[in-house]
Amino acid sequence: MLFTERTRGGIPPPDAHTDDPVTTESDLRAGPDLRAGPDAQAELERRLMALAQADPAGFAPIYQRYFARIYAYCRRRAASAQEAEDLVSQVFVQALHGLPGYRGGSVAAWLFRIAHNVVLNQRRACRAEVSLDAHDFDLEDERPTPPESLDDAETRAAVRALVAALPDAQQNLLALRLVAGLTSDEIGAVLGKSPGAVRVELHRIIQRLRAACRREDGGQS
């Protein structure tokens, strides 16, 4: 366990002005409120990080919020479930030790930058093959209107094969967007790129995959 039972005894409030909204223990222990907008969620997470910097036990709510997404990203990039679990442990241990270095901004981008580096170091050390069988890619972009459906099983199998043939950096970009669910701004913060460059690269990758799928469909008809 990364966190102790001390979290049940209450977490000291962050240093703040007395007229600021109070973050209660129930707020901290609750999952994300899907009714709240992204700005409210970001503000709550910044408060959670401030608590965690004062007392590492306060990192538990962040761990609970992000565990599933970090695991999904690591599983996509790992050769096995066991390796993914090991990577997740490394990510959160490094995050816990790195709390003093958090200087604000997107918590998701901060965590996934750590995850990206952990996975990159592991892959460099082990030269593991990328596993693309554990999940299916849904080729969605950030436009309000979703792209055409790719739900056909044969098409999905073809997509997995095409994605497996992409360069590792492009597979990672897709995993950050489609598996981790990061925005272009957050991916840019993780990879050190501008959000515009991320959007352009994602668009090009997805367009190439769609075109390749159409060519395969045409060849089979």
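The values are calculated or read from the model by the stated rules, or taken from the named source; none is laboratory data. For clarity, every value in this text was computed on a predicted model and none was experimentally measured. Backbone-built Cβ (ideal geometry, glycine too); neighbour counts: all protein chains shown.
Residue-level analysis places GLN94 among those that are assigned to a helix (DSSP H, G or I) and at pLDDT 95 or above. In the set (1) modelled with pLDDT of 90 or more; (2) over 11 Å from the mean Cα position of the chain (by Cα), the condition left unmet by ARG210 is number (1). Looking across the stretch 194-221, the residues that are under 23 Å from ARG69 (Cα atoms) and either touching a residue at least 40 places away in the same chain (Cβ under 8 Å) or surrounded by fewer than 16 Cβ atoms within 10 Å (Cβ to Cβ) (or both) come down to SER194, PRO195, ARG199, LEU202, HIS203, ILE206. As a summary of the residue check, ALA134 satisfies the conditions (1) modelled with pLDDT of 75 or more; (2) under 22 Å from CYS74 (Cβ atoms) except for the one numbered (1).
Can you find a residue in the stretch 44-67 that is acidic (Asp, Glu), within 24 Å of THR183 (Cα to Cα) and either in contact (Cβ under 8 Å) with a residue 60 or more places away in the chain or outside any helix (DSSP H, G or I) (or both)? There is at least one residue in the stretch 44-67 that is acidic (Asp, Glu), within 24 Å of THR183 (Cα to Cα) and either in contact (Cβ under 8 Å) with a residue 60 or more places away in the chain or outside any helix (DSSP H, G or I) (or both). Taking the stretch 81-97 as the range and being farther than 15 Å from ASP55 by Cα, in contact (Cβ under 8 Å) with a residue 40 or more places away in the chain and either surrounded by 14 or more Cβ atoms within 10 Å (Cβ to Cβ) or touching an Asp or Glu at 6+ places or on another chain (Cβ under 8 Å) (or both) as the test, the residues that pass are GLU83, PHE92. Among the residues of the stretch 98-127, those that are more than 13 Å from the chain's Cα centre (by Cα) and closer than 21 Å to ARG47 by Cβ comprise GLY98, LEU99, PRO100, GLY101, TYR102, ARG103, GLY104, GLY105.
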